[in-house]
Amino acid sequence: SNKEAVFTKGDVSKHQTPEQRVWVTYKDGVYDITDFVEMHPGGSSLIMMAAGGAVDPFWQMYQQHLKDEVRTMLKPYRIGRLADYKGPERKDPAEDPWKNEPARHPALVARSNNPCNAETPGPVVAANLITSNDIFYVRNHLPVPPEPKDPARWQLSVGGEEARSTSLTLEDLKTKFKKTTVTAAVECAGNRRNEMKTVKPVRGLDWDTGAIGNANWSGVKLRDVLLHAGVDPDVCDSLDGPRHVHFLGADSDPLTGNVYAASIPIELAMASNKDVLLAYEMNGEPLSRDHGAPLRVVVPGVVGARSVKWVTQIVTSREESDSHWQQHDYKGFSPSVDWNNVDWSSAPAIQEAPVTSAITAPSANTQVEQGTTTIPVRGYAWSGGGRDIVRVDVSADGGATWQGTQLHKVPGQKPGRAWAWTLWEAEVILPTPPADSKGPQQVCLVCKATDASYNTQPDSVAGVWNLRGVVNNAWHRVGISVGN
Ligand code: MTE
Ligand code: MO
């Protein structure tokens, strides 16, 4: 409106701290967000990067759902408008951080574009024991880093506490260390997040069941590389030695310069039977750009977030990684915790994944002919920590009664090292419709897996709901109808 106060960019730039009050602009609007920032001490770091200036360029970077939330959040804080607003600033196309993204298989189901997040389509997710590279889900937080200009000069640096600073080329890794192949599933902790929002809203990508895949990863054992860098083989027994191994990726935030990073406990990194790999091949081919070329970490049995792609630095430390993704994401909380009262330091970073399974066929809302008595049902099951899947049960009546399934496994997995997923299938007997029934019969198919420690899945999503929508391992339900 005309009566609105008018501010210059210079006025806005004088408001960058709670003491000066925190102002930002979005399009032609000026907002005093001090109260918002103080209400969300943990969640304010992103918006604070824009303090005293425009939030618009930040929003070009981040996902749509975040943009919508921030837009709604801003509304009540409007204090005026910007003088001489001339529309969004044109960015130099040469600086577009997304201009180097690789091509992707058209069958991948996109959940966001920049960054690319795309899942394997439901019907093919468990079609084969090994997921082919081009339809393996992609979960990127940042732009894909450029390919090394001269691959021969690419280097991995290894160092940190009680380790010798060491540089290794790809050739060093391939020739000085034993090549190992490990079949392992990688699953995003956000897989099946879409079911959580039926309980209460969650923040995150709307993954269905396809943020998981199973591949043959080849490379060298992280343990061998750490030993090469002089890490004491008995480091885990030392009382004051390093406790964590950090992995830093080459992908960086175009605004802050922060790279993707995560860490795992040193026990996992040093154990020869945990099979943590620095992989340069996926299913016998050099890693593709989306999956971490030229080198990525694969931490079997652990949520995908710790399997750092494009890894260029490995650091031993007494402290856990302080990255955003280790400290302020990929943690699980009680359903009672929300974005207003979350204390990120109160929960540990998720490492080993819980037992899970999902139905991948038939898909939801499938209609089968009247008189159908059985239906083929299939899917995948997997548990973290190398715990094998010992059983998958399915139900055709919402979980009142259960039927057995046939399991299909990757051969040769060692005891306690079942890193691969298990596929399963069954010809499921449908409930007999009541004699007086009219119209289509609704059938709720359910699956649940049991792992080698006899852990099984919780029955409801509501009980495992958490604000970030991670590790949803509730019984998976698929509604279909019989007849019309
Ligand atoms: N590593 C880097 N450097 N950057 C990332 O964004 N995403 C992580 C992990 N490693 C990520 C990363 C997450 S959350 C997951 S689930 C897996 O990579 C996904 O691996 P994929 O894209 O090969 O399927
Ligand atoms: Mo993830």
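This table checks each residue for (1) closer than 19 Å to Val124 by Cβ; (2) in a strand (DSSP E or B).
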| position | (1), (2) |
| --- | --- |
| Lys174 | no, no |
| Val186 | yes, yes |
| Met196 | no, no |
| Gly204 | no, no |
| Trp207 | yes, no |
| Trp217 | no, yes |
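For the structure I just gave you, tell me whether Gly385 is within 16 Å of ligand 2 (Cβ to nearest atom) and not aromatic (Phe, Trp, Tyr).
Values: within 16 Å of ligand 2 (Cβ to nearest atom): no; not aromatic (Phe, Trp, Tyr): yes.
Answer is no for this residue.
Please note which helices (runs of 4 or more DSSP H) are completely contained in the stretch 5-68 and include at least 1 residues that are surrounded by fewer than 18 Cβ atoms within 10 Å (Cβ to Cβ), modelled with pLDDT of 90 or more and not polar (S, T, N, Q). Working first, answer last.
Details: elements: 9-13, 34-39, 45-48, 56-59.
Correct list: 9-13.
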- Message: I need the full set of residues from the stretch 178-193 which are more than 10 Å from ligand 1 (Cβ to nearest atom) and either at pLDDT below 95 or out of contact with any Phe, Trp or Tyr (no Cβ under 6 Å at 6 or more places or on another chain) (or both), in order please.
- Response: Lys178, Lys179, Thr180, Thr181, Thr183, Arg192
- What is the number of the single condition among (1) crowded, with 20+ Cβ neighbours inside 10 Å; (2) over 21 Å from the mean Cα position of the chain (by Cα); (3) assigned to a loop (DSSP other than H, G, I, E, B) that Gln370 does not meet? (1)
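Might you let me know whether the stretch 205-217 holds any residue that is open to solvent by less than 30 Å² (accessible area, probe 1.4 Å), modelled with pLDDT under 95 and within 16 Å of ligand 2 (Cβ to nearest atom)?
Of all residues in the stretch 205-217, those open to solvent by less than 30 Å² (accessible area, probe 1.4 Å) come to 205, 207, 209-215, 217.
With modelled with pLDDT under 95 added as a condition, the list becomes 205.
Restricting the remaining residues to those that are within 16 Å of ligand 2 (Cβ to nearest atom) gives 205.
Checking the stretch 205-217: at least one residue is open to solvent by less than 30 Å² (accessible area, probe 1.4 Å), modelled with pLDDT under 95 and within 16 Å of ligand 2 (Cβ to nearest atom).
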- Residues that are open to solvent by less than 20 Å² (accessible area, probe 1.4 Å) and away from ligand 2 (no atom under 16 Å from the Cβ), drawn from the stretch 126-140: Ala126
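Can you pull out every residue in the stretch 396-425 that is surrounded by fewer than 21 Cβ atoms within 10 Å (Cβ to Cβ) and outside any loop (DSSP other than H, G, I, E, B)? Show your work before the answer.
Residues of the stretch 396-425 that are surrounded by fewer than 21 Cβ atoms within 10 Å (Cβ to Cβ), as a first pass: 397-404, 406-417, 425.
Answer for the stretch 396-425, where residues must be surrounded by fewer than 21 Cβ atoms within 10 Å (Cβ to Cβ) and outside any loop (DSSP other than H, G, I, E, B): Gln403, Gln406, Leu407, His408, Lys409, Glu425.
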- Taking the stated definitions as given, is Pro376 surrounded by fewer than 18 Cβ atoms within 10 Å (Cβ to Cβ) and in the same structural domain as Ala474 (by TED's automatic domain parsing)? yes
- Test result for Gly190, of a type in the set (Gly, Ala, Ser), away from ligand 2 (no atom under 16 Å from the Cβ), farther than 30 Å from Asp240 by Cβ and buried (at least 22 other Cβ atoms within 10 Å of the Cβ): no
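With respect to Pro300, is the statement that it is under 17 Å from the mean Cα position of the chain (by Cα) and farther than 18 Å from Pro145 by Cα true? Before you say what the answer is, go through the steps one by one.
On the way: under 17 Å from the mean Cα position of the chain (by Cα): yes; farther than 18 Å from Pro145 by Cα: yes.
Here the answer is yes, as Pro300 does meet what is asked.
Take the residues in the stretch 197-209 that are of a type in the set (A, V, I, L, M) and in contact with a Lys or Arg (Cβ under 9 Å, 6 or more places away or on another chain), then tell me which one is farthest from ligand 1 (Cβ to nearest atom).
The extreme case among them is Val202.
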- Item | Subset of the stretch 267-311 (residues that are away from ligand 2 (no atom under 16 Å from the Cβ) and among the β-branched types (Val, Ile, Thr)) | Val276
- Query: Looking at Pro146, Pro102, Pro115, which is the one that is within 14 Å of ligand 1 (Cβ to nearest atom), closer than 16 Å to His291 by Cα and in contact with an Asp or Glu (Cβ under 6 Å, 6 or more places away or on another chain)?
  - Reply: Pro102
- Task: Of the conditions (1) away from ligand 2 (no atom under 16 Å from the Cβ); (2) touching a residue at least 24 places away in the same chain (Cβ under 8 Å); (3) surrounded by fewer than 18 Cβ atoms within 10 Å (Cβ to Cβ), Ala152 clears all except one; give me its number.
- Result: (2)
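The values are calculated or read from the model by the stated rules, or taken from the named source; none is laboratory data. None of these values were measured; they are calculated from a predicted model. Please note: Cβ atoms are built from the backbone with ideal geometry, for glycine as well, and neighbour counts cover all protein chains shown. Accessible surface areas use protein heavy atoms only, side chains included; no ligands, DNA or RNA. Shrake-Rupley method; radii C 1.70, N 1.55, O 1.52, S 1.80 Å.
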